[in-house]
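All remarks here apply to the structure that follows.
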Amino acid sequence: MKALGLHLAVLAALLAAFWLLPPYHVTNMARIMVLAVFAIGYNIAFGQTGLLSLGHALFFAAGMYATGLLIEQTGLATAPALLAGLAAGAAVAAAVGVLALRTGGVSFMIVTLMFAQAGYLTILYFGGVTRGDEGFTIARAARAIGPIDLSADMPRYMAAFALFTAGLLGHLALTRSRFGRVMVAMRENEERSRMLGYNPFTVKLAALTISGLYAGAAGAAYALLFGYVGASFAAIQYSILPLLYVLLGGAGTVLGPFVGALLMFYLIEVASGLTTAYLMVVGFALLALVLFAPKGVMGTLRDKALPWLP
Amino acid sequence: MASVILEAAGLTRHFDGLKAVDGVDFSLEQGEIHALIGPNGAGKTTFVSLLSGRIPVQSGTIRLGGEDITALPAHVRVRKGIAYTFQITSIYPRLTVAANVALAARHDDPAALARVGLQDRADQIAGTLSYGHQRLLEIAMGLALSPRVLILDEPTQGLAAGEIGAFKALVQGLIPATTVLLIEHNMEVVMDVATRITVLNFGRVLATGTPARIRANPDVQAAYLGGPDAAA
Amino acid sequence: MAFGPFLLLALLEGTVMAAVLALTAVGLSLVFGVMRVVNVAHGAFFMLGAVSAWFVTHWMPGPPFVGFLAALILCPLFVAALAAVADWTVLKRLHYEPEATIVATIGLLYILEQAALSLYGPEARPVAAPFTWRIQLPWFGYSGYKLFVVLAAAAVLAAVWLVMTRSRAGLVMRATQMDRDMARAFGIDTDRVYAGVFALGAGLAAVAAVLIVPIQQAHYLMGGDPLLLAFIVVIIGGLGSLRGTVVAAVLIGLSDGVISVFFSPTLAKILATLLVALVLVFRPQGLFGARA
């Protein structure tokens, strides 16, 4: 009960933020919420089930390009294009999972990295359609659901907020469900879980597919809300960022991904004002986390003070 | 004539030239406590790993209740009724005792905890239990699966004398509802509790029979029991 | 140019590529073989070799070959020292735990790349070759320096092989690879062996980069492709097998060179990345590694 209350309070605060924050930060928060959904998806695979993937950019980009290309090339309406993005993320994750989950540990990391790299290069290779690194923008007229123009400040924020709410509460429900506990069991002791009658392959594949669904949704939303589709979102950086957000915020916690996304976004913002080499802050953050604080903010909080934190 | 619940025919498994299990025929009768004994390296753990599906069979067949399960993966065999407790305790140390059992039973199961005497520790983090209690938790998890066959791999190793007594009573209370296959080195436990004993040596069956017959068997005495300082 | 000579040109280019790739990949393979560490920052060490070579040749007075020689000696030592420090301060503290180590090397990668960006800048800058001698073949002229690169790489690889198989240091490394705990029991300081191996791996990448930088240019992001290719080579050749690594490097260097010349470099890379993934999934021991 306490946990649900906390999460609802965070959501309420985010809703209020639209009226309380200056417009620049409102747009930032919309971006952060979408990226947080991506990170929640990553957390479901990594934090909850123990699958350290280095290829999640592929699923994010699948959603982004599915939605973007369907709108640009076929003139499909916004809402179905968005759903197609979700489906694309889940489908690509499932396809990768069927192959990659035959390996584990370090091999799994490399295999997912390779598939993502191949995806990024394929986007570049078919630059005629995808416009490669340069990318393409989605016309404002196409970024509307019915009368709601998603490129305007308020509908954009509210759409991001709605997506984040669904993602956050969805994950909370997952952690409490039977299947959610099985995912954790698989992370904690795979051999024991197998000998209790659980099929490691199907559990992990389901986790990865749900993770891909979240990532695809985030990619599709990012395209619609910010109007731009580009190959850089399929590059390695977008596989490292969700890992970083989750590590910083607390792997295996529900609020962790959002906390990590929020902190890291502003850390990079501040750093980019100081130097062109601002990505160094990503490097130091990763090192500091892995050396000194592997449980992240919410994870450490849960350990030391709040054991009921999901 | 008791019915056979689990049987193996011609079971074989090599590892790079070492014949860990070499053409073993075995049958487990419904409702018995069957002990598997033999010197270290005789192939006991490999044999039960083949039965439970942890290691794939190279040749031979396994039947559970008449059904051929040789090709089935481990997690499916568990669903069909074979439960296995590990030689080196394998639980979920970071979860609570109750959560551990709930994963096995697929719902909360205080009864399974009560049968091993851990009901007062349901909310304790499993990793903080004493070694003996962790072994008991593992047995509770095995019981929570409502298995037809419960395979216990050296269950008394690391238990204190008093705990061993409680364990013997626990195992005797499990049959005839369940069937127990037990790997043990503690001869006192074996002789007290087992209905029948199979002796393995160098991956082959040396002898099978009641405790009295096994004790009197000269081959078994030579290979394994030989004298007051039997293998501990 | 007719097809035959064109193919010859592609093969020559591929050979140069293979030589540099073999050096880089052997560095990565040693680190994985002995330490069981996947060093994602390996490409960054390569890049540092090239960038520091630019600094040395830029500031060294005299004819180009003096600066180049200085770079060939100093830069690998510098990069090796940096790697040893990274191992001692970070990887050792993580107890070389596989997943944590990979995340840490990713962090290291970002730091090294951004440091290069900060100190060297975003542009690609050329470095003069130590000598400009062209070999005149019947169909085309070819850079003599590129042939020198192949010879130099082969010489370094031979030296590494000699050290690994004939010297005490090599014996210590192989012993630690086979059984770390046993090596410790024999009094080998495995921590120092690991630092040394990590330094050696980085140093080899740096040598490869110094050799290639007169042909390519030095750029702070130039480590990405060598990293990917080295990965491919090591995985296909079998993690931890030196012979497999060299054979795979030759195969992949040659085919990558040929495909890049006749088709598109992007397509070559797509095929290569998919190949790595599929090899890991279906034949994880590679071509020469022992089945785990």
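A short reminder: the numbers here are calculations on the coordinates, not readings from a lab. It should be emphasised that the depicted structure is a prediction, and the values quoted were computed from it without experimental measurement. Here Cβ is always computed from backbone atoms with ideal geometry, including for glycine, and neighbour counts include all displayed protein chains.
Taking all pairs of different Cα atoms in the stretch B:6-93, averaging 1/r and flipping that mean, what Kirkwood radius in angstroms comes out?
Its Kirkwood hydrodynamic radius stands at 13.7 Å.
Within straight cross-link reach of A:Lys204, meaning Cα distance under 17 Å, which aspartates and glutamates are found once same-chain residues fewer than 8 apart are removed?
Hits, sequence-local ones excluded: A:Glu188, A:Glu190, A:Glu191.
In bins 5 Å wide, starting from 0, what share of all Cα pairs of the stretch A:194-273 does each bin hold, as a percent?
3, 12, 14, 23, 22, 12, 7, 4, 2, 1, 0
Please list, or write none, the lysines whose alpha carbon is within less than 20 Å of the alpha carbon of B:Lys44, excluding same-chain residues fewer than 8 places away.
Output for B:Lys44: B:Lys19.
May I ask for the distance between the Cα centers of the stretch B:108-150 and the stretch C:228-266, given as a whole number of Å?
About 53 Å separates the Cα centre of the stretch B:108-150 from the one of the stretch C:228-266.
Let me know the charge dipole size of chain B about its Cα centre in debye, to the nearest 20, where only the beta-carbon of Lys, Arg (+1) and Asp, Glu (-1) is charged.
The calculated dipole for chain B is roughly 340 debye.
Give me the distance between the Cα centres of the stretch C:1-31 and the stretch A:92-166, rounded to whole Å.
35
5 Å is the cut-off here: which amide hydrogens, built 1.01 Å from N in the peptide plane, fall below it relative to B:Val205, excluding neighbours closer than 5 in sequence?
The list, which skips near neighbours in sequence, is B:Asp25.
Give me the one-decimal Kirkwood hydrodynamic radius in Å for the stretch C:149-195, with the sum taken over alpha-carbon pairs.
That comes to 11.5 Å for the stretch C:149-195.
What is the log10 of I(q)/I(0) for the stretch A:105-157, computed with the Debye formula using one identical point scatterer on each Cα and no solvent, at q = 0.13, 0.15, 0.17, 0.20 Å⁻¹?
Treating every Cα as an identical point scatterer, log10 I(q)/I(0) equals -0.59, -0.68, -0.73, -0.76.
Please work out the FRET efficiency for the pair C:Phe131 and A:Tyr266, using the Cβ-Cβ distance as r and a Förster radius of 56 Å; give the result to the nearest 0.05.
Working from the Cβ atoms, E equals 0.60.
Arrange the following residues from fewest to most other Cβ atoms within 10 Å of their Cβ: B:Arg106, B:Arg115.
The most exposed by this proxy come first: B:Arg106, B:Arg115.
Let me know the mean shielding of A:272-281 by other chains, meaning the per-residue number of their Cβ atoms within 10 Å of its Cβ.
If you average over the peptide's residues, the count of other-chain Cβ atoms is 4.
To make sure I understand, if each residue's beta carbon is the centre and we count other beta carbons within 10 Å, what order do A:Ile44, A:Ile32 fall in, fewest to most?
Exposure proxy ranking, most exposed first: A:Ile32, A:Ile44.
Amide H neighbours of A:Ile138 under 5 Å, counting only residues 5+ apart in sequence or on other chains, H built in-plane at 1.01 Å?
Here the answer is A:Tyr228, A:Val229, since their amide H atoms fall under 5 Å of that of A:Ile138.
Using the membrane-span-like helix rule (whole DSSP H runs, Cα extent along the own axis of at least 24 Å, mean Kyte-Doolittle hydropathy at least -1.0), which helices of chain C qualify?
Long hydrophobic helices here: C:3-35, C:42-59, C:64-86, C:98-120, C:144-166, C:190-212, C:242-262, C:265-282.
Picking from A:Gly105, A:Tyr120, A:Gln73, whose Cα lies most toward the positive end of the charge dipole for the stretch A:56-149 (charges on Cβ: Lys, Arg +1; Asp, Glu -1)?
The one lying farthest along the dipole's positive direction is A:Gly105.
Jot down the per residue volume, in cubic angstrom and as a whole number, of the convex hull over the alpha-carbon atoms of the stretch B:130-212.
Dividing the Cα hull volume of the stretch B:130-212 by its residues yields 104 Å³.
At q = 0.10, 0.15, 0.19, 0.20 Å⁻¹, work out log10 I(q)/I(0) for the stretch B:27-184 with the Debye formula, treating every Cα as an identical point scatterer and leaving solvent out; two decimals please.
Reported log10 I(q)/I(0), two decimals: -0.35, -0.79, -1.26, -1.37.
What is the projected area of the convex hull of the Cα atoms of chain C, averaged over all directions, in nm²?
Average projection, Cα convex hull of chain C: 15.9 nm².
Which FRET efficiency value, to the nearest 0.05, is calculated for A:Ala77 and A:Asp149 with the Förster distance at 22 angstrom and r the Cβ-Cβ distance?
Result of the calculation: an efficiency of 0.95.
If I require 15 Å or longer along the helix axis, counting alpha carbons, and a Kyte-Doolittle average no lower than -0.5, what helices from chain B are left? Use full DSSP H segments.
Correct list, ordered by number: B:131-144, B:161-174.
Around B:Ile5, which amide H atoms from residues at least 5 apart in sequence, or from another chain, sit under 5 Å from its own amide H, with H modelled in the peptide plane?
B:Leu28, B:Glu29, B:Gln30
From the alpha carbon gyration tensor of the protein assembly as shown, can you work out the equivalent ellipsoid semi-axes (sqrt of 5 times each eigenvalue) and give them in Å, largest to smallest?
Gyration-tensor ellipsoid for the protein assembly as shown: 53, 38, 24 Å.
Where does the charge balance sit around A:Glu188 when Lys and Arg score +1, Asp and Glu -1, over other residues with C-beta under 12 Å from its C-beta?
+2
For chain A, what does the relative contact order come out to in percent, with C-alpha contacts under 8 Å and a separation of six or more?
Normalised by residue count, the contact order of chain A is 32 percent.
Using 1/(1 + (r/R0)^6) with R0 = 51 angstrom and r between the beta carbons of B:His14 and B:Thr210, what's the FRET efficiency to the nearest 0.05?
According to the calculation, E is roughly 0.95.
Quick one: compute a quarter of the convex hull surface over the Cα atoms of the stretch C:23-85 and quote it in nm².
Result: 4.4 nm².
Can you give the average number of partner chain beta-carbon atoms within 10 Å of each beta-carbon in peptide C:93-106, as a whole number?
Partner-chain Cβ atoms within 10 Å, mean over residues of C:93-106: 5.
Roughly how compact is chain A, stated as its Cα Rg over 2.2 N^0.38 Å to two decimals?
Compactness ratio reported: 0.96.
Relative contact order for chain B: what percent, with Cα pairs under 8 Å and sequence separation of 6 or more?
26
Where does the charge balance sit around B:Phe202 when Lys and Arg score +1, Asp and Glu -1, over other residues with C-beta under 15 Å from its C-beta?
Combined, the nearby Lys, Arg, Asp and Glu give +2.
Which whole number in µm²/s is D for the stretch C:133-231 by Stokes-Einstein, with the Kirkwood Rh taken over Cα pairs at 20 °C and 1.002 mPa s?
132
Only helices at least 20 Å long along their own axis, judged from Cα atoms, and with Kyte-Doolittle mean hydropathy of 1.0 or greater: name those in chain A from DSSP H.
A:2-20, A:57-74, A:78-100, A:105-125, A:200-226, A:256-274
Taking 8 Å as the Cα distance limit and 6 or more residues as the minimum spacing, I'd like the relative contact order of the stretch C:1-75 as a percentage.
The normalised contact order for the stretch C:1-75 reaches 17 percent.
So, with +1 on the Cβ of K and R and -1 on the Cβ of D and E, and no other charges, what is the size of the charge dipole of the protein assembly as shown about its Cα centre, to the nearest 20 debye?
220
What average count of beta carbons from other chains do you get within 10 Å of the Cβ of residues in B:164-176?
0
With 10 angstrom as the radius, rank A:Asp149, C:Asp181 by how many other C-beta atoms surround their C-beta, starting from the fewest.
So the residues, fewest neighbours to most, are C:Asp181, A:Asp149.
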